[in-house]
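Working notes for the structure below.
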Amino acid sequence: MNTMLETEELLTLKQAAEFASEYTKKNVTTSNISYLINYGRIHKNEHHGAVFIAKQELINYYNSYYGNREIDWKSKLGQDLNWALSFEHLKEAETTKHVHRLHPYKGKFIPQLVAYFLDEQTDEFKTQVFFKKGDIVLDPFCGSGTTLVQASELGIHAIGVDISAFNSLISNVKVAQVDLTDLHCEIKKITQLLKTFVAHSAHIQFENELSYFLSEYDRKYFPSPEFKLKVRKKEIDEKTYAEFHEKVVLEKFNELLIKYNLKITQNTQERFLDKWYLQPVRDEIDFVFEQIKKVQNRLTKKVLTIILSRTLRSCRATTHADLATLLEPVSTTYYCAKHGKICKPLFSIVSWWERYCKDTLQRFAQFSTLRTSTFQYCLNGNSENIDLFSELEKKHPHFFQLAQQQKIKGIFSSPPYVGLIDYHEQHAYAYDLFGFERKDEQEIGAMSKKQTKQAQQAYAQGIANVLNNSKRFLADDYDIFLVANDKFNLYPQIAQIAEMQIVNQYKRPVLNRTEKDKGAYSEIIFHLKAI
Ligand SMILES: C[S@@+](CC[C@H](N)C(=O)[O-])C[C@H]1O[C@@H](n2cnc3c(N)ncnc32)[C@H](O)[C@@H]1O
């Protein structure tokens, strides 16, 4: 009886957050609860203008989600799944903390996983310390530099290598000792120039009028969260409804184009920058890039390049739903299934540019309190054959001296998977604008190389080549950790070719995948040593 009464209870947002925190043993905030309401997962009850949530609904939601997940995933992926390595208690803000979120990158591992293996803590799973302060760790598939950043936090030196010039740039910018005053100054200057550049542009007036119209229209015909709830309950046929309203809004859109006498698409469609950016956006990008070229301080210039690149990524003429996998350029208003309303592409970069400038400054400031005075550097090259030390000597002589003396203690890395991601192509916009050399054909396991038997063998040989090449620079008693989803069971063979032995395997669940598929998924951290 008591329980019945309890679960029929209505809770305020704050109470709901408190209850959910206790129930899930995780920190649930009021904005997490609002998110559930906005996405139609739970209902909101309004009373005298205040919002209430039924406790029972919260219980149902969390029961269906969390409690069963561990049991369900273990039954699918095996009982040896190490749930402690899921880091499920972490919020997104923690896995993307400070410089880790300076630029999007598909295929990152979470910093806490790196820290777990690099730090000096032990537990029932990790019973040994592998890296100590002052050691050197190598990441031959450095990507966006997660290992480098975490090594810096832990007082460990780190060498990275990546075949993609743009990835090496992201990594090096993340660990750079940036002069924040200079950066702030240049940001202010460029932003002011950009604002003057667009001040009297018809595009801005056009976009303002369109945005105003859209917000009114969406409020009326796509109210949130009611519209999504009705779609979920099948009270509205989303497709027919969306098509009808898309047409109505399009008429208004065309009317405004005529009113402001605008040309939206570019004349040619040859390059990535021609095809995926509307004309006014392209003009602003070119303008900012010209300003960045004039910046004196080389590091500041590199950081600004990363901010512009991040802006570019957000301003591609695509629907919100297709941001990760571009389908077709979009130059008009459209029904957005992700947000459940009519959305529009971007006609100006100003707001994203400003947002990312501010965000970058904050992230560097946060990291500056955590970094140690150790060396981290990412080389751009092919890990299958790069001469690590002589390349390091050219780029970072002090680090080279240290590395030559003490050698590298081990590797922590996540190699590419077989045929899953094209690492150059995911930043095609940056390669196009900044003119970095592309070395796609040297990427191991690129998506374009597919997953055929032949591709799998080439992959295995490629990874083994990297291990063999790296061995030349490692201390004798090295430890190698490779994070991999070994779908094709290639790692035993890789270890054999590299004349190494797999001494341990840590199987971890991957909970927060960026892909749309949120099903049970695990990866293995292989621990390899010399035979
Ligand atoms: C899974 S990602 C690494 C992601 C990284 N752990 C992070 O957190 O950002 C694999 C990386 O290997 C790089 N790569 C592929 N083939 C390579 C090669 N032959 N030499 C060096 N790097 C390579 C890709 O460019 C990609 O950035």
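Taking Cα pairs under 8 Å and at least six residues apart, what relative contact order does the chain come out at, in percent? Write out the running numbers ahead of the final one.
Details: 803 pairs, mean separation 94.5, N = 531.
This gives 18 percent for the chain.
I'd like the Kirkwood hydrodynamic radius of the stretch 175-218, using the inverse of the mean 1/r over distinct C-alpha pairs, in Å.
13.1 Å
For the stretch 519-528, in order, what is each residue's ³J(HN,Hα) by Karplus, 6.51 cos²θ - 1.76 cosθ + 1.60 with θ = phi - 60°, in whole Hz (x at glycine and Pro)?
Residue by residue, the stretch 519-528 yields x, 4, 7, 9, 9, 10, 9, 7, 9, 10 Hz.
Using alpha carbons only, what's the Rg to Rh ratio of the stretch 413-531 with Rh from Kirkwood? Walk me through the intermediate numbers first.
Details: Rg = 15.7 Å, Rh = 15.7 Å.
Rg/Rh: 1.00.
Using the Karplus curve 6.51 cos²θ - 1.76 cosθ + 1.60 with θ = phi - 60°, what ³J(HN,Hα) values do you get for each residue of the stretch 176-181, in whole Hz, with x for Gly and Pro?
6, 8, 7, 7, 5, 5
Pairs of alpha-carbon atoms within less than 8 angstrom and 6+ residues apart define the contacts here; what relative contact order does the stretch 349-449 have, in percent?
Result for the stretch 349-449 is 20 percent.
So what is the accessible area of the chain per residue, in Å², with the probe set to 1.4 Å?
For the chain, the solvent-accessible area averages 49 Å² per residue.
Per residue, what volume in Å³ does the convex hull of the Cα atoms of the stretch 254-402 enclose?
For the stretch 254-402, the hull spanned by Cα atoms encloses 190 Å³ per residue.
From the backbone phi of the stretch 315-329, what are the Karplus-calculated ³J(HN,Hα) couplings (6.51 cos²θ - 1.76 cosθ + 1.60, θ = phi - 60°) in whole Hz, Gly and Pro given as x?
So the J values, rounded to whole Hz, are 9, 5, 7, 9, 6, 4, 6, 9, 4, 6, 10, 4, 10, 9, x.
How large are Rg and Dmax for the stretch 351-462 when calculated on the C-alpha trace, in angstrom?
Reported Rg and Dmax, both Å: 18.2, 49.
Trypsin sites (Lys or Arg not before Pro), restricted to the stretch 51-114: which are DSSP loop and have at most 11 other Cβ atoms within 10 Å?
Sparse-neighbourhood loop trypsin sites (Lys or Arg not before Pro): none present.
Given the rule -39500 (n - 2.57) for each run of at least 4 DSSP H residues, summed and divided by the residues of the chain, what is its mean residue ellipticity at 222 nm, to the nearest 500 deg cm²/dmol?
After summing the helix terms and dividing by the residues of the chain, the value is -14500 deg cm²/dmol.
At what distance in angstrom do the alpha carbon centres of the stretch 262-319 and the stretch 414-437 lie from each other?
17 Å
Name the trypsin sites (Lys or Arg not before Pro) in the stretch 459-531 that are in a loop by DSSP and that have at most 15 other C-beta atoms within 10 Å, would you? Display every interim value, and only then the final one.
On the way: sites: Lys471, Arg472, Lys487, Lys507, Arg513, Lys516, Lys518, Lys529; in loops: Arg472, Lys487, Arg513, Lys516, Lys518.
Answer by residue number: Arg472, Lys487, Arg513, Lys516, Lys518.
Report, ordered by chain and residue number, the aspartates and glutamates lying within cross-link reach of Lys25, taken as a straight Cα distance under 13 Å and ignoring same-chain residues fewer than 8 apart.
Cα-Cα hits under 13 Å: Glu88.
For a quick check of your reading of the filter: which trypsin sites (Lys or Arg not before Pro) in the stretch 212-250 sit in a DSSP loop and have no more than 14 other Cβ atoms within 10 Å?
Working: sites: Arg219, Lys220, Lys228, Lys230, Arg232, Lys233, Lys234, Lys239, Lys247; in loops: Lys233, Lys234.
Here the sparse-neighbourhood loop sites are Lys233, Lys234.
For the stretch 138-280, what's the radius of gyration and Dmax over Cα atoms, in angstrom?
Cα-based Rg and Dmax for the stretch 138-280 come out at 23.5, 60 Å.
Taking amide H positions as placed in the peptide plane 1.01 Å from N, state which residues far from Ser522 in sequence (5 or more) or on other chains have amide H under 5 Å from it.
Residues meeting the amide H criterion: Val510.
Cα convex hull of the stretch 241-306: how many Å³ per residue?
137 Å³
Search the structure for amide H atoms under 5 Å from the amide H of Ile264, placed 1.01 Å from N in the peptide plane, and list their residues when 5 or more places away or on another chain.
Residues meeting the criterion, in which the H sits 1.01 Å from N, do not exist here.
Give me the Debye-computed log₁₀ of I(q)/I(0) at q = 0.11, 0.18 Å⁻¹ for the stretch 95-188, equal point scatterers on Cα only, no solvent, two decimals.
After summing over all Cα pairs, the log10 values are -0.35, -0.84.
For the chain, max minus min Cα coordinate along each principal axis, in Å, sorted largest first?
Taking max minus min along each principal axis of the Cα atoms, the chain gives 71, 69, 48 Å.
Normalised by the residues of the stretch 3-147, what does the relative contact order come to in percent, with Cα pairs under 8 Å and at least six apart?
Details: 111 pairs, mean separation 23.4, N = 145.
Computed value for the stretch 3-147: 16 percent relative contact order.
Gly160's amide H: which non-local residues (gap 5+, or another chain) put their own amide H closer than 5 Å, with H modeled 1.01 Å from N in plane and none for Pro or chain starts?
Asp139, Tyr377, Cys378, Leu379
Rg and Dmax of the stretch 28-91, using alpha carbons, in Å: what are they?
15.5, 52
The values are calculated or read from the model by the stated rules, or taken from the named source; none is laboratory data. Predicted model only: the values in this text are computed from it and were never measured. Here Cβ is always computed from backbone atoms with ideal geometry, including for glycine, and neighbour counts include all displayed protein chains. Note: accessible area is taken over every heavy atom of the protein model, side chains too, but ligands, DNA and RNA are not part of it. Shrake-Rupley method; radii C 1.70, N 1.55, O 1.52, S 1.80 Å.
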